Amino acid sequence: MTCHPRLSLAAATATGGRTVRVLDCAEGRLRELAALGVEPGPSRWGSATPPAVTWHPEEPLLVMADGNSLLRWTPDTLSESARRPAATAYRALAFSPDGRRLWASPSADGWELSDVVDPETGTTAPARRWDTGVGIHPSGELVATLASDQGATYCLFARPGDPGGDPAMRIQRQALILDVDGYGTPLFSADGRHLAVRGNAYVDSLDVFAFPSLRKVLSTRLAEDSAEEWPRHNLAWDARPGVLWIGTPTGSLLELDVEAQEATEHASPDGVPVAALAVTATGDLLVARADGEFVLLSARPAAPAVEPNDDVAVFLAETEEVPQEDDLEGHLAPTDGTRSWTGADLAAVTGTSPGDPTWLQLQAALNRARGVRAT
C-alpha cells in the first residue's frame, strides 16, 4: 500500500496480487476510485510477487508494472492508450523526486542492473542495481534504497540525478549494512531525522537509525515468541517527529516514540489483523485489514510543523559519490549503526566472535578461504 506524497490518493494491492485498488482519502473519508486488474510481478526465484506501483511526486498519476508493460492510471483515464511497453517485467518501480524518470528493477539486461525509464516513451538506460523500493528524504535531495543479497544487504544512499543530465541515482560511499536479506523499503520520517528498516527474511525485525549520523537508535524483534505472522508493510511515520506507527497481527496499532523507546498500544475492537499501514499526505493513518477493508484514522488533529534543516547537506559533506564505472562494493564505507568499516577493512577481516552478525562471519570465512592472513 502506498499513498501519494502530496494528494489525497492511495493505492493498495489486494490479496493475491492481481488487483490494485485506488482510493480517495479526501476530507477524512474513503472512496474507491478504481479496481485495476494487473499481472503479479516475477521474482528472482520464479514465484509471483505483488505488482510494483508508484505515484508521481506531484501529479495524480499512478504507474503499475503489468507483465511486460507499464500501466498508467489518472482520475480521468485508464485505457490501452495509457499502456506503455516495458523492456522487461519489473518487480520494483519508483519515480525520481522530480517526476521526470522512472527507476525500475531489475533491468532488461539482467538482475545485476536496474533501468532508468522515460515514462512517456518507455525508452530505457541501464543503471546500478537496486531492489525492493526507494525511500525519499522529505527534502527530495536524497533517496535510500536496498541492494540485497542472502549474505548481507546494503542500504544505499543516493542523490537523485542531474536535472537535464544523467537521471540515474548517484550512489554515495556512506551506506548501512544489514544482516541477510528480505527487508522492506527504507522509510524516512516526516522530518527526515530518522530512517526505519523493516526486515527480514528470517526475523520480524525493526531497526531505526538517526539521520544523518546513521547511528542505530532502536533495534527490536517484533515477534520474539509469537507464531503469528506479522504484516510485512506495517510501518508508517507520524507527522510528529520521532513517532512511528506499527500494525500488528492482532489488529492493534502500536504508537512508538523512537527516542524515548516507549510504545502505546491502541487495541482493535474486533481483532482483525492489520495487512498494511501507510500515512496519507494530510497525516492520517490508512489501515488495510486482512478482511479487505480499509480504515482511515486521524492520528493527531494538530501536528507541529516540520522545520527545515540541513541534514542532507551534512550527510553529503561527510561522504562522496561512488564512480559510476567502478565496482560498487569496493567503494562503500558501510556501518551497521554501531561500527563502521571500509572496503579494505572488510577485505582483510579474518577473525570474528560469536556475537558478530552473520554477514561479517561469512566475510571472514571467505577471506580465510582466499588465503587472507590476519594482520
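A short reminder: the numbers here are calculations on the coordinates, not readings from a lab. Only a predicted model underlies this, so the values are computations on that prediction, with no experimental measurement involved. Because the Cβ atoms are built from the backbone with ideal geometry, glycine has one as well, and the counts that use them run over all protein chains shown.
The table for this structure:
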item: Residue-count net charge about R198 - beta-carbon cut-off 15 Å; Lys, Arg +1, Asp, Glu -1; result: -3
item: Percentage, to the nearest whole number, of Cα pairs in the chain over 36 Å apart; result: 20
item: Virtual spin-label span in nm between V314 and T350, 7 Å along Cα→Cβ; result: 4.0
item: Volume per residue of the C-alpha convex hull in the range 136-267, rounded to whole Å³; result: 113
item: Charge sum, other residues only, whose C-beta stays under 10 Å from V272's C-beta, Lys/Arg counted +1 and Asp/Glu -1; result: -2
item: Residues of the range 186-230 with amide N under 20 Å of the 7 Å Cα→Cβ point at A281; result: 188-192
item: Cα gyration tensor shape of the range 220-268, rounded if a/c is under 1.5, else prolate or oblate by comparing a/b with b/c; result: prolate
item: Peptides 355-363, 125-133 ordered by average Cβ neighbours within 10 Å, highest first; result: 125-133, 355-363
item: Using θ = phi - 60° and Karplus 6.51 cos²θ - 1.76 cosθ + 1.60, couplings along the range 119-127 (whole Hz; Gly, Pro as x); result: x, 7, 9, x, 5, 10, 9, x, 8
item: Point-to-point label distance, D118-L362, nm (Cα→Cβ direction, 7 Å offset); result: 3.9
item: Per-pair calculated FRET efficiency, R0 = 25 Å: R83 and L30 via Cβ, rounded to 0.05; result: 0.35
item: Protection proxy ranking, peptides 116-124, 289-297, average beta carbon neighbours within 10 Å, highest first; result: 116-124, 289-297
item: Relative frequency of Cα-Cα separations exceeding 18 Å in the range 1-129, percent; result: 50
item: Computed magnitude of the charge dipole of the range 1-129 (debye, nearest 20; Cβ of K, R +1, Cβ of D, E -1); result: 320
item: Relative contact order %, the chain, counting alpha carbon pairs below 8 Å whose residues are six or more apart; result: 11
item: Simple spin-label estimate for T264 and D149 in nanometres, 7 Å along Cα-Cβ; result: 4.4
item: Signed unit charges on C-beta, dipole axis of the range 1-129, positive-most listed residue A34, A125, L93; result: L93
item: Cβ crowding within 10 Å averaged over residues, with 195-205, 339-349, 140-150 ranked highest first; result: 140-150, 195-205, 339-349
item: Debye, to nearest 20: dipole size of the chain, +1 on Lys, Arg Cβ, -1 on Asp, Glu Cβ; result: 480
item: Of T352, T74, T54, the one that fluctuates the most in a GNM where the chain has Cα springs shorter than 10 Å; result: T352
